[in-house]
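Notes to accompany the following structure.
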Amino acid sequence: MKDATYRIVVMGVSGSGKSCVGALLARRLGVAFIDGDDYHSPTSVAKMASGIPLDDEDRREWLETLAQLIDDHRRRDETLVLACSALKERYRELLRQGDPELVFLFLQGERAQLRERLASREEHFFRGDAMLDSQLRDLEAPAVHEAVTCGIAEAPEVIVDTFLEALPHCRG
């Protein structure tokens, strides 16, 4: 694995721990970490802060920007870890325009645990049950062959260990 490079997306609904797990994974690999939330437009951030879920059109430009970041790392043959909800299959396909061999780590959780995590957040633009319910409705869980899936009840370190064990096998 030392010679291989990967573009990795840590995905899941808000509250699943994408940023925490993604940052830990990037540190373990000694590579760049990008939090996709940092690339939302001010309009989208304001919309979410008002409790209004984003729609496909709101997400399109954001996903295209993230796909370009993925492509930049692919062209430089650099490993990248990116946190991004990637809720729908078509969103993941758009991200794959940046790298057809993109690897996904899907953080899967139950609504009650996600809700509890979101309630404890301070200073984050994503708020409210309606927003979480919207993401859970939109979520098209990746197929077994599309992602490594880990439950969020596990500690972040365990999730990263599990993913790193699977990573060399993610390209068939």
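The values are calculated or read from the model by the stated rules, or taken from the named source; none is laboratory data. The structure presented is a predicted model; accordingly, all values stated were derived computationally and were not measured. Backbone-built Cβ (ideal geometry, glycine too); neighbour counts: all protein chains shown. SASA here: full protein model, heavy atoms, side chains in, ligands and nucleic acids out. Shrake-Rupley method; radii C 1.70, N 1.55, O 1.52, S 1.80 Å.
Of the residues R115, R60, R74, the one that moves most in a GNM of the chain with alpha-carbon contacts below 10 Å is R60. Accessible area per residue (1.4 Å probe, heavy atoms of protein chains only) ranks T43, T162, T5 as T43, T162, T5, with the largest value leading.
Taking amide H atoms as placed 1.01 Å from N in the peptide plane, the amide H of I34 lies under 5 Å from those of V81, L82, A83, each 5 or more residues away in sequence or on another chain. Here are some values of percent of Cα pairs over 23 Å apart: [x] 35; [y] 46; [z] 51. Which one was computed from this structure? Checked against the structure: label [x].
Given a 1.4 angstrom probe, I'd like the percentage of the accessible area of the chain that is carbon and sulfur, rounded to a whole number. Don't skip to the answer; put the middle values down first.
Values: 4210 of 8840 Å².
The C+S portion of the solvent-accessible surface of the chain is 48 percent.
Would you calculate, for the chain, the mean residue ellipticity at 222 nm contributed by helices, counting each DSSP H stretch of 4 or more residues as -39,500 (n - 2.57) and dividing by all residues, to the nearest 500? Don't jump to the answer; show the numbers that get you there.
Working: 7 runs with 78 residues, N = 172.
Rounded to the nearest 500, it is -14000 deg cm²/dmol.
Solvent-accessible area per residue in the chain equals 51 Å², computed with a 1.4 angstrom probe and all protein chains kept.
A Cα-only calculation for the range 1-62 places Rg and Dmax at 14.2, 45 Å. The charge dipole of the chain, taken about its Cα centre with unit charges on the Cβ of Lys, Arg, Asp and Glu (plus for the first two, minus for the last two), comes to roughly 140 debye.
Treat every Asp and Glu Cβ in the range 34-73 as -1 and every Lys and Arg Cβ as +1, leave all other atoms uncharged, and give the resulting dipole magnitude about the Cα centre to the nearest 20 debye. It would help to have the intermediate numbers written out before the result.
Details: 3 positive and 11 negative charges, 37 e Å.
Here the size comes out at about 180 debye.
Roughly how many Å is it from the Cα centre of the range 5-29 to that of the range 47-97, as a whole number? Here the answer is 13 Å between Cα centres.
Using 0.36 nm times the number of residues separating A130 and A143, minus their current alpha carbon distance, what extension gain do you get? Walk me through the numbers before you get to the answer.
Details: separation 13, 0.36 × 13 = 4.68 nm, distance 2.59 nm.
Answer, rounded to one decimal: 2.1 nm.
A simple rule links phi to the HN-Hα coupling: the Karplus curve 6.51 cos²θ - 1.76 cosθ + 1.60 with θ = phi - 60°, which for the range 95-108 gives 5, 5, 5, x, 6, x, 9, 3, 10, 10, 10, 9, 8, 9 Hz, with x for Gly and Pro. Residues whose amide H lies under 5 Å from that of R7, counting only those 5 or more places away or on a different chain, are L80, V103; hydrogens are built 1.01 Å from N in the peptide plane. Of the residues A153, A112, A46, the one that moves most in a GNM of the chain with alpha-carbon contacts below 10 Å is A112.
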